[in-house]
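The values are calculated or read from the model by the stated rules, or taken from the named source; none is laboratory data. Nothing here was measured: the structure is a model prediction, and the numbers come from that model. We place every Cβ from the backbone using ideal geometry, glycine too, and count neighbours over all the protein chains shown. Just the protein is used for accessible areas: all its heavy atoms, side chains included, with ligands, DNA and RNA removed. Shrake-Rupley method; radii C 1.70, N 1.55, O 1.52, S 1.80 Å.
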Amino acid sequence: MTDKLHTDNLFLSCDWGTTSLRLQLVDFKSGEVLAGISDDDGIKKTYSQWKSYSGTQNRVAFYLSVLDQKISFLSKKVQQNLNHVSVVVSGMASASIGLKELPYQTLPVSLDDPDLYVESFKPTDQLTPNLYLVSGIRTSGDVIRGEETQLLGLSEKTNLQNGVYIMPGTHSKHVFIKDRTITDFKTYLTGELFEVLATQSTLSDSVSEPENPEVSEAFKAGCEASRRENLLHSLFTIRSRDLLQKTPGDENYDYLSGLLIGSELSAFANQPPEQVVIAGENPLLNYYSEACRVLKINYTEAKMTAEITAAAHRKILINLQNQNITDD
């Protein structure tokens with residue numbers, strides 16, 4: 001593989017999320033991902049290490065040294081020195097617990113000519129490549145960090161002109177697109193609320209995680225119930241299902257999931273957008289797709305892959321390059 005690499009035509013794509021770090025080597029001209037590594041050294045873990053750190057490095061230097069180690073690991077994997085290959089970093093690295101907190105860019109943001117807030121870092125003793133740190137986006141009352149970058153890559157794959165991207169997760173995102181421009185978005189606490197209810201609430205004794213997670217009839221029933229009943233009342237019926245009907249815990253688990261996801265998507269059942277694209281990874285992608293079928297929402301699927309983030313970072317670099325040409 002060494003003969004294939006030419007450092008003048010490469011860049012490093014880093015998705016530094018809350019719980020994980022993914023670093024990829026990308027061919028700038030073609031966008032091909034040539035190699036990559038990933039681990040659980042996310043921003044949350046790195047921030048905890050920084051808080052307990054007693055050395056002489058400041059916060060930026062500490063985070064850069066962590067990233068430098070990852071670049072060294074990838075260099076060994078491809079058997080070539082990557083110390084001078086520019087790196088683009090997105091995700092939680094620009095948050096309050098990240099490498100450096102950056103301001104959010106305000107909407108609208110074009111998917112074709114993204115004017116995101118990007119701060120550059122020149123080579124240092126801790127990190128020799130040029131680094132470009134990408135910030136998130138905001139509305140008057142909501143924020144995104146990380147997904148905005150994924151959207152740039154998704155737009156290449158799906159070519160959505162007008163409609164909504166649904167991005168399932170701990171904090172699910174609905175991103176509204178008009179004329180290939182991000183005009184609005186809404187965040188839903190669906191995944192986090194599910195975790196709290198299933199493990200820490202009154203319902204925790206009535207639910208148990210299935211051994212083989214899959215879309216079940218209980219999940220579909222929960223989606224249906226989300227259309228008929230008030231959510232707060234429906235949630236307590238899980239307890240009564242256990243006490244009065246002796247419903248198995250794994251069925252209640254799926255029913256709870258259906259209630260929450262169905263409730264999240266209920267607005268689209270009455271006012272469907274022009275197009276809905278569900279972008280995520282399994283098994284969440286399967287659950288959201290089934291919920292759309294139950295609620296009779298027309299949709300298409302887009303599998304979230306590592307290449308999507310790399311494509312987004314490439315687009316950001318091209319945009320920065322064009323800005324420099326214009327400025328010159």
As I understand it, the dipole of the stretch 14-122 uses +1 on the Cβ of Lys and Arg and -1 on the Cβ of Asp and Glu, about the Cα centre. Which of Pro114, Thr56, Leu99 lies farthest toward its positive end? Thr56
Give the value in nm², to one decimal: projected area of the alpha carbon convex hull of the stretch 61-170, averaged over all directions. 8.5
Keeping all protein chains in position, work out how much accessible area His171 exposes to a 1.4 Å probe, and write it in Å² to the nearest 10. 80
Simple spin-label model, 7 Å along Cα-to-Cβ: Thr56 to Asp142 in nm? 4.8
Could you run the Karplus curve 6.51 cos²θ - 1.76 cosθ + 1.60 with θ = phi - 60° over the stretch 113-130 and give me ³J(HN,Hα) per residue in whole Hz, x for Gly and Pro? 10, x, 9, 7, 7, 10, 10, 9, 10, 6, x, 10, 5, 8, 8, 7, x, 5
Out of the DSSP beta bridges found with both residues in the stretch 71-161, what percent are antiparallel (nearest 5)? 55
Relative to a virtual label point 7 Å from the Cα of Ser110 in the Cα→beta-carbon direction, which members of the stretch 175-195 show backbone nitrogen distances below 20 Å? 176-185
Length gain on complete extension for the stretch Asn230 to Asn83, per 0.36 nm per residue less the alpha carbon to alpha carbon distance? 47.3 nm
Only helical DSSP H runs with n ≥ 4 go in: add -39500 (n - 2.57) per run for the chain, normalise by residue count and round the 222 nm mean residue ellipticity to 500 deg cm²/dmol. -13500 deg cm²/dmol
Once a ≥ b ≥ c are taken as the square roots of the eigenvalues of the Cα gyration tensor of the stretch 115-265, is the result rounded (a/c under 1.5), prolate (a/b larger than b/c) or oblate (a/b not larger than b/c)? prolate
Hull surface divided by four, with the convex hull built on the Cα atoms of the chain: how many nm²? 19.1
Would you kindly derive the ³J(HN,Hα) couplings of the stretch 25-41 from the backbone phi angles with the Karplus curve 6.51 cos²θ - 1.76 cosθ + 1.60 (θ = phi - 60°), listing them in order in whole Hz, with x for Gly and Pro? 9, 10, 6, 5, 5, 8, x, 5, 7, 8, 6, x, 9, 8, 7, 9, 7
Give the accessible area for Arg227 in Å² (nearest 10); use a 1.4 Å probe, count only protein heavy atoms, and leave out ligands, DNA and RNA. 110
